[in-house]
Amino acid sequence: MLTFQQLFPITGSTEGRLVQDRPVVHLLTDSRKLSQPAGTLFFAIRGKHNDGHLYLGQLYGLGVRQFVVEEATGLAALYPEANILQVKDSLIALQAIAAWHRAQFRIPVLGITGSNGKTIVKEWLAQLLSPDEMVVKSPRSYNSQIGVPLSVWQLDEHHIFGIFEAGVSQPGEMANLQKIIQPTLGVFTNIGSAHDQGFASHEQKTAEKLQLFSQVDLLFYCRDHTLIHEAAQAKGIPAFTWSRKQAADVTIVSSTVSGHKTIVGYTFRGEQHSLAIPFTDEASVENTLHCLAVLLYRGLPLTDIQDRMDRLQPVAMRLEMKEAINGCYLIDDTYNNDLAGLSIALDLLASQLGRGRRTLILSDLLESGMAEEKLYAKVATLTQAHGVERLIGIGPTIQAHAAKFEGDSTFFVSTGDFLQQFSPDQFRNELILLKGARVFGFEKIVHAFQQKVHGTVLEVNLDALVHNLNYYRSKLASGTKLMVMVKAYAYGSGSFEVANLLQFHRVDYLAVAYVDEGVSLREHGITLPVMVMNPSPDSFAKLRQYNLEPEIYSLEQLHDFLATAQAGVSHKIHLKLDTGMHRLGFTGEDFEELFALLRQHPQVRVASAFSHLAGADEALHDDFTNMQLATFSKLAEEAEARLGYTFIKHILNSAGIVRFPEHHLDMVRLGIGLYGVEATGSQQEALQPVSTLKTTISQIKRIRQGETVGYSRKGIADTDKTIATIAIGYADGYDRRFSNGGGEVIINGRRAPIIGNVCMDMCMVDVTGIPAKAGDEVVVFGPQLTLVELARRIGTIPYELLTNVSARVKRIFFSE
Ligand SMILES: *Cc1c(COP(=O)(O)O)cnc(C)c1O
């Protein structure tokens, strides 16, 4: 086992301090993912948006005693029991340690890269090679400069085959990953346009990726990808190829779709064979053929190959979070179940605070190779470390080890047994993680937990949200604070989930419109400071009780607030200044009285003063905006002088952040940009769409020329038509202005216009010539049909469309 002392020669560093030599068991790069402090080695990594050094104190407080840092001054005194290794670059140290670890094993290791399909080929190969090979693989898509070392670190004595994926976004990265993975075999899936930005050309990108395979004994790829073939040949890399067009090690001679399968005829070593692949889409077939090549090379009997292929399952790439019965939420991760996957899913569970009790429903683990005793002891420690409060174990093996699990735990031999005694009132306000191996059929449990779904859902992509957050963060100087507007149910996308994520990603402030919104954030475990923009006097008591901070915009309101103040209890307020919007706020004329009052009530502290721009998004208003900016800075300066202390000053919204970088001041207020709409229109491509509104087709009708559709007979068929009735109407927030061709939806990839008037719960679309049947999915807005376009069509703004999606539309949150 690796110990701290050995890290000095491994990383080549001589700086640091060794208090007591300890084993290094867990490598940690994200302080939020700490689960077992003893044995943890924390790497303080400096990233674009964060600095690991900021969390040393917190981690030390939680019991972590081993650190890799870039800046060690003063740490020895602060953390007397800590072992400290000082290096030039903590990330490089992490990589060096992983590379050292990898070199301890003499097993075949397969590296996978390519533009698409890496994760799927990795997961499938692992499925196909087990049970006879103890395969270690990257968890999910851990393929980055940090993910790869963490993946490789999992290697241990009982593995006989390793599969790791590697992804790069800019030149120079792959050589690093090669040194860590040290692959002896390789799969190059394909080369496409993903992550093109970082590379001058596809050739450059191919050459870069090929560096992963500089030392392999054999590289698997499809010979028809000419770029890959030529580059591999030029480098003299030994190849094992398959092709649909020319002679190769595996030559595909026929391919026909039959039902849900694709039957592929191929020749291998001069003989003809056929294989039934359980998929029909192009990408899945290609991914399967990569796997076939590897299996043939490994010498698996053909009958076994077919057997295993039959059992291949689509890879669930998303961890979905769904609403369920009685205020519960489900994280549905019912596709594989091994230790690494369990640990990642538990991280997600742990990051969702305040959603009530944390429940885990777990099947037997299919982790071959480790003794059951040891395996379930590990599972018990993991669940405990991640704060699981209720465990339901399903399967004979986990049941046999029931005694290892402390606290609230129940066990069932099978999924059927569990369902038999299942009743909805046993679950209330819980966050339930479902983690089950496929054979346990947990879909049935998911089904039992899901409320009856109204056909319309708003899917919220949490990864896109984080991407957008980071985009705006990258525009801020370090030290500039970030307030995020989560008013109006987080612009329609669901406030707790979004607030939770923002808290996890450490924004500085949240803002809501009303006290009730703030109260509900607090009730869901949000502890960030929350500003309430429009608190009414009758809600001041609640505001104090829940430690919310009011915006104060008038003398009258301040009098009301002070009237309810309790002596000796301090309270923070935020002053709104009117610099030209003429909505709410103080002007200079109020200052005399305002500050006289505040001086009389020193327990009321001004935490910030702010103003709002009326036209930050349009150059047309720049003179006016500059006037507002100047007025604000003058008023804020005067306010500070009169108060005798300083406070946070902020004026910019999303558009302002982009257009007025010199005026970020102490804090900015991010709104619509977080939700994927770039208000100035100039940097829309930098953001990712967050919400997709979907519904379904209820019925298809054929109508004759001259017949009419819907209320007031507004939709008139000018020819014979096929009409689809879809399950969304103005009560769901689908604007009535979309009536009569005003709006379009997407059905099976094609655009279909609204025909007739939008009704309360439904509307009709013209699907003439579009393949469509009852039950098909309809995209109302999303990445291919943007809010910006739809808003323009009916003369409104994306804000209105987003926030109009009504509460009865179910929100589904997911993350890749
Ligand atoms: C809503 C709001 C914002 C955010 O505006 P966006 O245009 O969505 O970025 C900022 N400040 C105030 C006072 C707001 O009400």
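Some values worked out for this structure:
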{"read-out": "Separation of the F624 and L555 label points, Cα + 7 Å toward Cβ, nm", "value": "2.8 nm"}
{"read-out": "Extension gain from S712 to A686, taking 0.36 nm per residue of separation minus the Cα-Cα distance", "value": "5.0 nm"}
{"read-out": "Proximal aspartates and glutamates relative to K245, as straight alpha-carbon distance under 12 Å, when same-chain residues fewer than 8 apart are discounted", "value": "D224"}
{"read-out": "Close Lys-Lys pairs in the range 689-816, where close means Cα under 16 Å and separation is 8 or more or interchain", "value": "5"}
{"read-out": "Gain in span if fully extended, A477 to E443, counting 0.36 nm per residue against the direct Cα distance", "value": "7.6 nm"}
{"read-out": "Spatially near lysine pairs across the range 319-451, Cα under 16 Å, sequence gap of 8 or more or different chains", "value": "6"}
{"read-out": "Label-point gap, in nm, between I263 and K773 - each point 7 angstrom along Cα→Cβ", "value": "2.3 nm"}
{"read-out": "From phi via Karplus (6.51, -1.76, 1.60), per-residue ³J(HN,Hα) for the range 563-576 in Hz, x at Gly/Pro", "value": "4, 9, 5, 9, 4, x, 9, 7, 8, 8, 10, 10, 8, 9"}
{"read-out": "Semi-axes of the equivalent ellipsoid for the range 105-310, Cα gyration tensor, largest first, Å", "value": "26, 21, 15"}
{"read-out": "Carbon plus sulfur fraction of accessible area for the chain, probe 1.4 Å, in percent", "value": "51 percent"}
{"read-out": "Unit Cα scatterers, Debye sum, the chain: log10 I(q)/I(0) for q = 0.05, 0.07 Å⁻¹", "value": "-0.33, -0.65"}
{"read-out": "Relative compactness, the range 538-672, computed as alpha-carbon Rg over 2.2 N^0.38 Å", "value": "1.08"}
{"read-out": "Under 22 Å from K634, Cα to Cα: lysines that are on another chain or at least 8 residues apart", "value": "K481, K576, K649"}
{"read-out": "Contour excess over end-to-end distance, with Cα ends at M1 and D425 and 0.36 nm allotted per residue", "value": "147.8 nm"}
{"read-out": "FRET E, pair Q600, R544, Förster distance 25 Å, beta-carbon r, rounded to 0.05", "value": "0.85"}
{"read-out": "In order through the range 212-229: 3J(HN,Hα) via Karplus (6.51 cos²θ - 1.76 cosθ + 1.60), integer Hz, x for Gly, Pro", "value": "4, 9, 4, 10, 6, 7, 7, 10, 9, 6, 8, 4, 6, 7, 4, 4, 5, 4"}
{"read-out": "Cα-based convex hull, the range 319-451, per residue volume (Å³, whole number)", "value": "93 Å³"}
{"read-out": "Separation of the L302 and S13 label points, Cα + 7 Å toward Cβ, nm", "value": "5.6 nm"}
{"read-out": "Amide proton proximity set for V413, modelled H, under 5 Å, gap of 5+", "value": "G395"}
{"read-out": "Karplus-derived 3J(HN,Hα), 6.51/-1.76/1.60, for each residue of the range 409-425, Hz, glycine and proline x", "value": "9, 10, 9, 9, 5, 8, 4, x, 4, 4, 5, 4, 9, 5, 9, x, 6"}
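The values are calculated or read from the model by the stated rules, or taken from the named source; none is laboratory data. What you see is a predicted model; the values in this text were computed from it and never measured. Glycine gets a Cβ as well: all are built from the backbone with ideal geometry, and neighbour counts include every protein chain shown. Note: accessible area is taken over every heavy atom of the protein model, side chains too, but ligands, DNA and RNA are not part of it. Shrake-Rupley method; radii C 1.70, N 1.55, O 1.52, S 1.80 Å.
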